[in-house]
Structures are given as structure tokens and as C-alpha cells.
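**Student:** Here's a structure for you.
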Amino acid sequence: MNVIVCVKRVPDTETRIRIGEDGRSMEVTGVKFIMSPYDEYAVEAALRCKEAAGDGDVRLVTLGQTDSQETLRQGLAMGADSAVLLVGDVTADGLATAKALVAELEGTDAPLILFGVKAADDDQQQVGPMVATLMGRACVTGVVSFEVSGDVVRCHKEVEGGSEVIEATLPAVLTITKGAYDPRYASLKGIMAAKRKPLDEKAAAAMEGRLEVVSLSPPPDRAAGKIVGTGPDAVPELVRLLREEANAI
Amino acid sequence: MANVLAFAEQKEGQIRGVAREAVGAAAVLAGELGGEAHALVVGAPGVSTGAAALGAAGATSVAVAEHAELGDFHPEAYATVVAAHVRDGGYGAVVFPATIMGKDLAPRVAALLDVPLAGDVTELKVDGGAVSVVRPVYAGKAFAEIRLAATPALLSIRPNVFAAGSGGGDAAVTVFTPEVDPSSWRQRVIERKSEGSGALDVTEATQIVSGGRGMKDPEHWGLLEELRDALGAGTALGASRAVVDAGWRPHGEQVGQTGKTVSPSLYVAVGISGAIQHLAGMRTSGTIVAVNKDPDAPIFKVADYGIVGDLFEVVPRLTEEVRALKAKG
Ligand SMILES: Cc1cc2nc3c(=O)[nH]c(=O)nc-3n(C[C@H](O)[C@H](O)[C@H](O)COP(=O)(O)OP(=O)(O)OC[C@H]3O[C@@H](n4cnc5c(N)ncnc54)[C@H](O)[C@@H]3O)c2cc1C
Ligand SMILES: Nc1ncnc2c1ncn2[C@@H]1O[C@H](COP(=O)(O)O)[C@@H](O)[C@H]1O
């Protein structure tokens with residue numbers, strides 16, 4: 001079964017965010033970039049899908065600058081078969097990203113297109129369902145595990161206070177969250193093989209972003225807290241402070 | 001001059017608290033844009049019963065789309081109904097709650113209307129007729145101010161951040177029956193399980209008791225459950241990634257960069273060291289309390305109040321004191 005996975009290059013989650021000189025973007029010097037963690041789950045899910053079916057191709061798609069090659073090679077090293085880099089600007093506007101991806105995905109015969117539930121940088125949680133809506137496909141978001149049988153994909157999802165099983169008709173779009181798909185490490189052999197796998201590069205369809213980042217700022221500093229005390233004897237004072245000073249209970 | 005629409009989420013026929021927050025945010029925007037705040041409820045027949053009460057949250061009128069097939073959230077059908085209503089109403093802005101439902105629904109509506117969406121917003125304002133928002137990025141490690149250039153401005157608001165508005169009395173309610181064609185649906189919920197009573201999602205809780213590896217064993221969670229119960233309704237259990245990865249707790253409880261981002265009024269971190277990825281998810285909480293035996297644990301850098309000590313001694317005492325306080329009223 002053919003599966004397409006959309007992946008994004010993002011700063012490592014360990015990164016302390018420094019604001020760039022323009023006051024509107026992140027300072028990137030010295031920052032390590034990785035494949036967005038949820039996209040790794042999606043790649044793992046796609047690989048397992050292919051393995052279960054016994055045939056098919058896993059193809060990665062990303063919109064980004066040429067440095068996103070690295071991200072694609074990482075996915076190829078995990079076991080994906082091919083990749084395409086749409087070279088273009090990534091803006092804050094998820095709909096513009098979705099449209100650029102759709103321009104590439106339109107007409108694909110892959111029954112499944114997988115996304116991460118959210119990108120670890122902009123955290124919008126929107127590109128997957130937007131792509132599905134634009135392509136007129138079923139879309140299940142926040143999937144922790146799924147099984148394909150015939151032309152149906154059965155998805156497991158966590159919701160407030162419980163869980164749901166959702167069946168969708170293929171072709172479908174799924175956004176994957178943490179659950180059953182702990183990503184495999186790339187083996188040395190995988191890393192070597194990845195260098196020879198096809199990685200196409202082409203210009204992305206030009207899409208104007210309509211969300212303008214005016215400024216980027218660090219989170220408000222939290223005033224230095226206080227250690228109320230040591231051990232259980234400090235509890236009454238803590239509770240008093242919570243009630244009288246913080247108004248929190 | 002433009003009106004603003006709030007999507008008023010319901011669950012099992014009851015309009016939810018976050019719906020009042022969405023209406024409150026819509027009322028703030030409407031005030032700036034010189035229009036009125038309206039609300040839209042989508043649900044099964046009968047859901048209109050509680051609709052008029054949204055007037056008290058700031059809505060002047062409430063439209064209710066009632067259909068027997070719309071009692072439970074169906075993404076495609078809901079998106080079609082909402083998009084049509086937004087188009088017909090000529091709204092200047094639309095506010096969704098950034099709940100599990102809202103995060104699924106809003107991007108679809110945005111795609112149908114061909115306008116961008118700002119998700120999980122924590123502040124909003126109007127500048128020269130254009131809506132600007134602030135939203136956390138990099139999992140809360142920075143905040144971006146974003147100008148929404150297109151109309152309508154679509155946004156979803158983080159739960160627990162905006163207050164419900166204060167309106168006059170009841171809002172005017174109009175009920176209509178949208179066209180729904182279930183035979184065209186490409187997806188369906190075939191099974192729903194609830195995790196017992198009181199399992200509130202961390203993103204919607206007003207208080208969170210969160211446990212980390214310091215808890216030592218999943219069997220010790222009874223301690224945290226007792227504290228949660230003592231704190232009362234609106235309190236949820238959270239977890240660090242270490243305990244989720246160990247399989248002690250479900251992923252739905254994970255707070256942090258690869259879990260949920262939360263802003264409850266009270267966050268109690270028990271046996272959690274405070275790694276950067278964990279802090280990213282909870283640093284905007286109102287009051288943070290940390291219990292940790294290591295005085296150098298980074299969690300104490302963001303905590304308003306800390307107790308250095310063995311959680312197995314501190315937490316039961318805390319539960320007891322909170323209970324006593326609540327009993328006094
Ligand atoms: C890509 C990526 C994403 C991540 N995303 C997340 C995320 O979303 N959320 C998240 O939480 N983490 C995340 N992490 C993991 C994070 O880096 C930490 O490993 C994790 O948060 C540690 O969990 P912990 O605080 O429970 O455990 P530990 O760091 O082991 O801390 C346990 C704490 O308990 C204290 N303790 C032990 N015994 C007692 C006792 N008896 N009484 C009192 N205190 C005690 C110790 O002093 C210690 O501070 C991520 C990591 C990566 C690489
Ligand atoms: N520039 C991009 N290129 C490819 N896929 C992307 C891009 N941006 C977002 N995505 C996909 O959409 C998901 C959700 O992103 P977001 O809506 O930005 O949180 C990500 O996990 C990716 O799967």
C-alpha cells in the first residue's frame with residue numbers, strides 16, 4: 001500500500017528560543033533542527049503500514065528550503081522509499097502551506113496521506129485537516145493507532161474523558177499523535193541506503209501567506225518563586241499562601 | 001462595522017463552559033469592530049434549550065442548527081454548516097474554542113472559506129480594523145503576535161484564558177434545520193468509551209495535579225487522585241513524558257512539548273524535575289506549586305511555591321489540609 005507522509009523541519013525541542021534581530025523570527029544560528037516529533041510517529045506508522053501490507057511505497061513530502069533535505073534524508077534512513085522537497089517559503093499561514101502541499105498531492109493514488117497532529121514549531125494543528133478538506137478526503141485527527149482493511153481505515157483516537165474508534169473510507173488523511181508508533185532508529189545501513197534513494201526537488205507552487213507575524217517575544221518571565229519550606233511541616237503554610245496570597249484554592 | 005460569530009460547542013446537548021469563553025472573546029472583538037457578538041450552536045433537536053443563556057455571556061443572538069444526525073460531532077457535516085452560516089452572516093471574525101473538537105473543526109472551516117486560521121490564541125485585539133492575536137509558538141517557549149489580514153478573521157482560543165462576557169439577559173434564539181446527508185459521510189464514530197466519571201481533559205481543567213517519575217510506581221497514583229478529588233470539580237490529572245513513556249499513564253495526560261499545552265489557574269507538579277519540554281507545556285499556568293526532594297530541580301525556577309521534600313510525606317498532608325480548608329468553606 002502506498003502511503004505519503006508530510007513532514008516538517010523544526011528546531012530541536014531542547015532549543016532555547018532566542019529572538020532574531022528583526023524581532024519577528026527565531027535566531028537560528030547554532031540551533032539544531034530535527035524532523036518534527038509527531039511527523040516521526042507518522043513516518044513510523046507509514047512504514048508499519050507498508051510492512052503489514054507486504055508491498056507499497058512510502059513517500060515523504062515537505063515544503064521548505066533546501067536545508068529540509070536533511071529532514072527528508074532522516075526519513076529515508078528510517079525506511080521511506082522516496083521524497084520530494086517543495087522549495088518555498090514556510091509562513092505562519094497553515095492554509096498557504098496546505099495549498100502548496102495540495103498542489104503536489106493532487107491526483108495521487110496513495111490511499112493514505114499522513115501528517116503529524118501538530119508541528120513542534122508553530123503548533124497550529126491545522127495543515128492536515130486543511131489538506132483533507134481541500135482534496136475532498138476523509139480526515140481523522142489525533143490518531144493514536146489505526147488498521148487498514150479493504151477500503152476502510154479504522155482509527156483510535158483519545159478525546160476528552162475517553163476514546164473513540166472512527167472508521168473512514170479510503171482515500172483518507174490521518175494526523176498522527178503519540179501512541180502506538182514509537183519511531184525506529186535509522187540503522188547505519190539505512191543511513192547509507194538513504195543517500196541513494198530518490199529525493200526530488202522542485203519549486204513549490206507560490207502561495208501568499210495571509211498571517212503576518214508582527215513580533216515574536218519570549219514568554220513573560222515568572223517572578224522568582226519561593227521555597228515555602230521542607231517536608232510535610234511546610235504544608236499548612238503552603239495552603240495558607242495558596243488561599244490568601246495566590247487566591248488559587 | 002462587523003459582527004463576530006462564536007462557535008458555541010455543546011456536548012451531549014449541554015452547551016459547554018468553553019462556549020461561554022468563545023462568546024466572551026467574540027464580544028470583546030465585536031465591541032472593537034463596532035458590531036454584535038452572535039453565537040452558533042450545532043446539535044440534535046432540543047439543544048436550543050440552553051441557547052438563550054448565552055446572552056449572559058455576551059451574545060445578542062444565537063442561531064441553533066438542529067438535526068437528529070448532528071447530536072455528536074461529525075467533522076465534515078459540522079464544517080459545512082458552520083462555513084455556510086459564516087458566509088451568509090458576513091461576519092468580520094469567527095471564534096472557535098481550541099478544544100479537541102474545535103481544533104478538528106476550525107481548520108476545515110478555514111479551508112472551506114479560503115481564509116487563514118490562527119489557532120490556540122491567548123490574547124486578541126483590534127488595530128485599525130484588523131484583528132491581531134497573540135499565540136504561543138515553540139510549545140510556549142515564545143509568543144508570536146500575528147495580524148490576520150483576511151476577512152473573516154478566523155481564530156480559536158485556548159480554554160481557560162478568556163472570560164465569558166457579561167451581557168444583559170437572554171439572547172434572541174433562532175432555530176433552523178440544516179441540510180444533512182449522512183449517506184455522503186466518509187467517516188463515522190463506531191465506538192465511544194468513557195474513562196469513568198471525572199476524567200476531565202488537562203487542556204480544559206482549571207486545576208491540574210501532575211505526576212512525574214518521582215512517583216516511582218503507577219500504583220502510587222492513588223495519592224494524586226486523592227489530591228485531585230480534594231481540590232474538587234475542574235481538577236484533572238496530568239503527567240510528565242517520563243511516566244507516559246513508561247506506560248504508567250495515558251498519553252492524553254502528558255503535559256509538555258509533545259503533549260498538551262495547558263494554562264490552568266493552579267498546576268501542582270509532583271516528582272517532576274521540570275525539563276524544558278515539560279515547562280514549555282505548563283509555564284503559562286496561573287499558580288505553579290512544586291513538590292520535589294531535590295532543591296536544585298529546575299521546576300523550582302518556575303514554581304510560585306515549592307516544598308522540598310519527599311512527596312510520599314508531603315502529598316498526603318497536602319490532601320488532608322486542602323480537605324480541611326474546603327470543609328471550612
Ligand atoms: C523530543 C522530546 C520531547 C519531549 N516532550 C516532553 C513532554 O511533552 N513532556 C514532558 O514532560 N517531557 C518531555 N520530554 C522529556 C523531558 O526531557 C524529560 O525527560 C521528562 O520531562 C522527565 O520527566 P520527569 O520530570 O517525570 O522525570 P525526572 O526528570 O526523572 O524527574 C523526576 C523528579 O522526581 C524527583 N523525585 C524523585 N523521588 C522523589 C520523592 N520521593 N519525592 C519528591 N520528589 C522526588 C526527582 O528529584 C526528580 O526531580 C521530551 C523530550 C524530548 C527529547
Ligand atoms: N512545511 C511543511 N511541509 C510539509 N508538511 C508540513 C509542513 N508544515 C506542516 N506540515 C504537516 O502538517 C502537520 C501539522 O502542522 P501544523 O498545522 O503547522 O501544526 C505537521 O506535523 C506536518 O505533518
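**Student:** Just need a number here: residues in the stretch B:28-37 that are under 22 Å from the mean Cα position of the chain (by Cα) and open to solvent by 30 Å² or more (accessible area, probe 1.4 Å). Please lay out each step first, then the result.
**Tutor:** Step one: of the stretch B:28-37, the residues under 22 Å from the mean Cα position of the chain (by Cα) are B:28-30, B:37.
When the remaining residues are screened for being open to solvent by 30 Å² or more (accessible area, probe 1.4 Å), the result is B:28.
So the answer is 1.
**Student:** Just for the stretch B:288-315: of the residues that are over 12 Å from B:Ala269 (Cβ atoms) and more than 8 Å from chain A (Cβ to nearest Cβ), which one is most open to solvent (accessible area, probe 1.4 Å)?
**Tutor:** B:Lys293
**Student:** Enumerate the pairs (first residue in the stretch A:43-58 and farther than 15 Å from A:Leu72 by Cβ; second residue anywhere and in a helix (DSSP H, G or I) and open to solvent by less than 60 Å² (accessible area, probe 1.4 Å)) with beta-carbon separation below 8 Å, excluding pairs fewer than 6 apart on the same chain, so at least 6 apart or on different chains.
**Tutor:** Here the result reads A:Glu44/A:Met78; A:Gly56/A:Cys49; A:Gly56/A:Lys50, each pair linking the stretch A:43-58 to a residue that is in a helix (DSSP H, G or I) and open to solvent by less than 60 Å² (accessible area, probe 1.4 Å).
**Student:** A follow-up question, please. Looking at the stretch A:126-143, can you tell me whether even one residue there is within 16 Å of ligand 1 (Cβ to nearest atom), more than 8 Å from chain B (Cβ to nearest Cβ), modelled with pLDDT of 95 or more and open to solvent by 10 Å² or more (accessible area, probe 1.4 Å)?
**Tutor:** no
**Student:** Out of the residues in the stretch A:16-68 that are within 15 Å of ligand 2 (Cβ to nearest atom) and among the charged types (D, E, K, R), which is farthest from the other protein chains (Cβ to nearest Cβ)?
**Tutor:** Top of the filtered list is A:Arg59.
**Student:** Is at least one residue of the stretch B:215-222 away from every other protein chain (no Cβ under 11 Å) and surrounded by 23 or more Cβ atoms within 10 Å (Cβ to Cβ)? Break it down into steps so the answer makes sense when it comes.
**Tutor:** Filtering the stretch B:215-222 down to residues away from every other protein chain (no Cβ under 11 Å) leaves B:215-222.
Now drop any that are not surrounded by 23 or more Cβ atoms within 10 Å (Cβ to Cβ), which leaves B:215.
For the stretch B:215-222, residues away from every other protein chain (no Cβ under 11 Å) and surrounded by 23 or more Cβ atoms within 10 Å (Cβ to Cβ): present.
**Student:** Quick one: which of B:Glu253, B:Glu219, B:Glu225 is under 15 Å from the mean Cα position of the chain (by Cα) and farther than 15 Å from B:Gly140 by Cβ? Walk me through how you get there before you give the answer.
**Tutor:** On the way: B:Glu219 fails: under 15 Å from the mean Cα position of the chain (by Cα); B:Glu225 fails: under 15 Å from the mean Cα position of the chain (by Cα).
When all the criteria are applied, what remains is B:Glu253.
**Student:** Give, as residue ranges, the strands (runs of 3 or more DSSP E) completely inside the stretch B:126-168 that count at least 1 residues that are at pLDDT below 95.
**Tutor:** Qualifying strands (runs of 3 or more DSSP E): B:130-137, B:142-148.
**Student:** Further question on the same structure: If B:Lys193 satisfies all but one of (1) assigned to a strand (DSSP E or B); (2) under 22 Å from B:Ala2 (Cα atoms), what's the number of the condition it fails?
**Tutor:** That leaves (2) as the condition not met.
**Student:** Which condition breaks for A:Lys197 when tested against (1) modelled with pLDDT of 95 or more; (2) open to solvent by 40 Å² or more (accessible area, probe 1.4 Å); (3) assigned to a strand (DSSP E or B)?
**Tutor:** Result: A:Lys197 passes all but (3).
**Student:** Do we find that B:Asp294 is among the charged types (D, E, K, R), free of Cβ contacts under 8 Å to residues at least 12 places away in the same chain and closer than 23 Å to A:Glu14 by Cβ in this structure?
**Tutor:** Considered against the rule, which asks whether it is among the charged types (D, E, K, R), free of Cβ contacts under 8 Å to residues at least 12 places away in the same chain and closer than 23 Å to A:Glu14 by Cβ, B:Asp294 comes out as no.
**Student:** Would the stretch A:45-68 turn up any residue that is within 16 Å of ligand 1 (Cβ to nearest atom), within 22 Å of B:Ala139 (Cα to Cα) and within 16 Å of the chain's Cα centre (by Cα)?
**Tutor:** no
**Student:** Then there is this: Would you be able to say whether some residue in the stretch A:80-91 is farther than 25 Å from A:Ser215 by Cβ, assigned to a loop (DSSP other than H, G, I, E, B), at pLDDT 95 or above and open to solvent by less than 20 Å² (accessible area, probe 1.4 Å)?
**Tutor:** yes
**Student:** Between a residue in the stretch A:213-233 that is in contact (Cβ under 8 Å) with a residue 24 or more places away in the chain and at the interface with another protein chain (Cβ under 7 Å from one of its Cβ atoms) and any residue that is among the basic types (Lys, Arg) and not in a loop (DSSP other than H, G, I, E, B), which pairs come within a Cβ distance under 8 Å, given they are 6 or more apart or on different chains?
**Tutor:** From residues that are in contact (Cβ under 8 Å) with a residue 24 or more places away in the chain and at the interface with another protein chain (Cβ under 7 Å from one of its Cβ atoms), the pairs are A:Val214/B:Arg147.
**Student:** May I ask you to list the residues in the stretch A:99-124 that are in contact (Cβ under 8 Å) with a residue 24 or more places away in the chain, of a type outside the set (A, V, I, L, M) and within 13 Å of chain B (Cβ to nearest Cβ)?
**Tutor:** A:Lys99, A:Pro111, A:Phe115, A:Gly116, A:Lys118, A:Asp121, A:Asp122, A:Gln124, listed by residue number.
**Student:** How about the stretch B:238-280: which of its residues are at positive phi and surrounded by fewer than 24 Cβ atoms within 10 Å (Cβ to Cβ)?
**Tutor:** B:Gly247, B:Gly274, listed by residue number.
**Student:** Going by the structure shown, is A:Ala96 in a loop (DSSP other than H, G, I, E, B), within 15 Å of ligand 2 (Cβ to nearest atom) and touching a residue at least 24 places away in the same chain (Cβ under 8 Å)?
**Tutor:** Here the answer is no, as A:Ala96 does not meet what is asked.
**Student:** Of all residues in the stretch B:244-291, which are of a type in the set (Ser, Thr, Tyr), under 19 Å from A:Glu14 (Cβ atoms) and away from ligand 2 (no atom under 16 Å from the Cβ)?
**Tutor:** Correct list: B:Ser273 only.
**Student:** Here is a follow-up. Mind counting the residues in the stretch A:2-29 that are closer than 21 Å to A:Thr175 by Cα and in a strand (DSSP E or B)? First the steps, then the outcome.
**Tutor:** At the first step, the residues of the stretch A:2-29 found to be closer than 21 Å to A:Thr175 by Cα are A:2-13.
Now narrow it down to the ones that are in a strand (DSSP E or B): A:3-6, A:9-11.
Within the stretch A:2-29, residues that are closer than 21 Å to A:Thr175 by Cα and in a strand (DSSP E or B) number 7.
**Student:** For the stretch B:223-237, how many residues meet the condition of being of a type in the set (A, V, I, L, M), surrounded by 16 or more Cβ atoms within 10 Å (Cβ to Cβ) and away from ligand 1 (no atom under 13 Å from the Cβ)?
**Tutor:** Going through the stretch B:223-237 one residue at a time, the tally reaches 5.
The values are calculated or read from the model by the stated rules, or taken from the named source; none is laboratory data. The model shown is predicted, which means the values in this text are computed figures rather than measured ones. Neighbour counts are summed over all protein chains in view; Cβ atoms, including those assigned to glycine, are modelled from backbone coordinates with ideal geometry. To get the accessible areas, we keep the full protein, side chains included, count just its heavy atoms, and leave off ligands, DNA and RNA. Shrake-Rupley method; radii C 1.70, N 1.55, O 1.52, S 1.80 Å.
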